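Here's the structure we're looking at; comments come further down.
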Amino acid sequence: MSKVLGIDIGGTSIKAGMFSTEGELQAVTKIPTGEITSEAAFAVVTEGLKKLLADNGVSPDDVVAVGLDVPGPVDDDGKVGMLANIELDPKGLQKAIKRVFKNANLAFINDANAAALGELWQGTAKDASSFVLVALGTGVGGGVVTDGKIVSGAFGAGGEIGHITVNRDEQLSCGCGRQGCLEQYSSATGVVRLYKVECANRGTEPVKLDGPTDTLSVFNACRAGDEAAQAAIQKMADYLGYALAQISVIMDPQMYLLGGGVSGGFDLFAESLRNSFRKYCLAPSISTRILPASLGNDAAMYGSAYQAMQGK
Ligand SMILES: [Zn+2]
């Protein structure tokens, strides 16, 4: 009864899934965490994982692979780079997990890449050999798969599609220090900012927003006929379609999958996005599919499990 664990490490909690080796998600647990940098913190994680298994009648010895995804760079050898948004000692956690799961192969993977692999294993991209997962969250991340493999790049910057320059005239700076990145328009933060700009241009009041990433309120305003929201979403889709057209010139993938919170408004912007892509792309790529990802917030959990299984 071999099992695989996929562990999605976030800032305040981790989400862990128990999978069959065929890719069926059989149980999930959420373990609240603070800084994962001490033996006591590692123990909270391993105890949570043991409980998940025990509740399902599985022994730690039955676990053949444990994958962990992190919000930061992981090189081809599985070494975790600088993590800007979470406090984690990857080596310490790895050792603690290895002590409990003696028969398991362990692997770290970048979260956007994990989400892409998840979609490849059990999601919309099942059976695809080349696609790009575009993660539209607080920022814009990407997972690039070609010939069934993740492209992480010579310097670990492969797939950083949020930083494709789409507007050379932008004055505002992106988090990366450059100006005019896709992320400045098509992330949750970007959509909300564009909406406020459109409201200011029209002299209208924005709807009540629950913080700088509240795209849900912008989408609802759009559905209710708010013209500024419609214009903002149109703009976001235009920039995104432009960026995808540039990606197609290089890798010509079979499909683009959209994930992350902003993809919750897919029905609102799908048509504009597809039109924009067709407007900017080179003729042979014109029928590239643009679809919503299907595993939602579980995608990275699937993908990290899959990644760890590859090392077995
Ligand atoms: Zn940038």
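All of the numbers you see were taken from the coordinates with simple rules; none came from a lab. Everything quoted here is computed from the prediction, not taken from an experiment. Glycine gets a Cβ as well: all are built from the backbone with ideal geometry, and neighbour counts include every protein chain shown.
Computed over every Cα-Cα pair of region 16-62 and binned at 10 Å starting from 0, the pair-distance distribution P(r) comes out as 25, 49, 23, 2 percent. Pairs of Cα atoms in the chain fall into 20 Å distance bins, from 0 up to the last occupied one, in shares of 33, 54, 13, 0 percent. Between Glu24 and Lys208, the FRET efficiency from the beta-carbon distance, with R0 = 41 Å, is close to 0.45.
Building the convex hull from the alpha-carbon atoms of region 73-149 and averaging its projection over directions returns 6.3 nm². Across region 127-293, C-alpha contacts under 8 Å between residues 6 or more apart give a mean separation that, scaled by the residue count, equals a relative contact order of 24 percent. The charge dipole of region 18-148, taken about its Cα centre with unit charges on the Cβ of Lys, Arg, Asp and Glu (plus for the first two, minus for the last two), comes to roughly 340 debye.
Want the number for Glu35 to Ser59: 0.36 nm per residue separation, take away the alpha-carbon distance, what's left? Walk me through the numbers on the way to the answer.
Working: separation 24, 0.36 × 24 = 8.64 nm, distance 2.73 nm.
Computed gain between Glu35 and Ser59 is 5.9 nm.
With both labels modelled 7 Å from their Cα along Cα-to-Cβ, the Ser287 to Met251 distance reads 2.2 nm. Roughly what % of DSSP beta bridges within the chain run antiparallel, to the nearest 5? Percentage antiparallel, nearest 5: 55.
Annotation: average projected area of region 127-293 is 9.8 square nanometres, based on the convex hull of Cα atoms across all directions.
Reducing region 244-270 and region 113-159 to their Cα centroids gives an inter-centroid distance of 11 Å.
Could you tell me the relative contact order of the chain? Use alpha-carbon pairs under 8 Å, at least six residues apart, and round to a whole percent.
Details: 666 pairs, mean separation 68.8, N = 312.
It comes to 22 percent, rounded to a whole number.
Start at zero, step by 10 Å, and the Cα-Cα distances of region 1-114 spread as 15, 52, 31, 3 percent across the bins. Taking R0 as 30 Å, what's the FRET efficiency between Asn275 and Asn85 from their Cβ-Cβ distance, rounded to 0.05? Computed FRET efficiency for Asn275 and Asn85 comes out at 0.30. Extending 7 Å from Cα along the Cβ direction at Gln171 and again at Thr146 yields two label points whose distance is 3.8 nm.
For the chain, which DSSP H helices look membrane-span-like by this rule: Cα extent along the axis of 30 Å or more and mean Kyte-Doolittle of at least -0.5?
Helix filter hits for the chain: 227-251.
Pick out, in residue order, every one of the GluC sites (Glu not before Pro) in region 107-203 that is DSSP loop and has at most 15 other C-beta atoms within 10 Å; say none if there are none.
Details: sites: Glu119, Glu160, Glu170, Glu183, Glu198; in loops: Glu160, Glu170.
Loop-located and lightly packed - Glu170.
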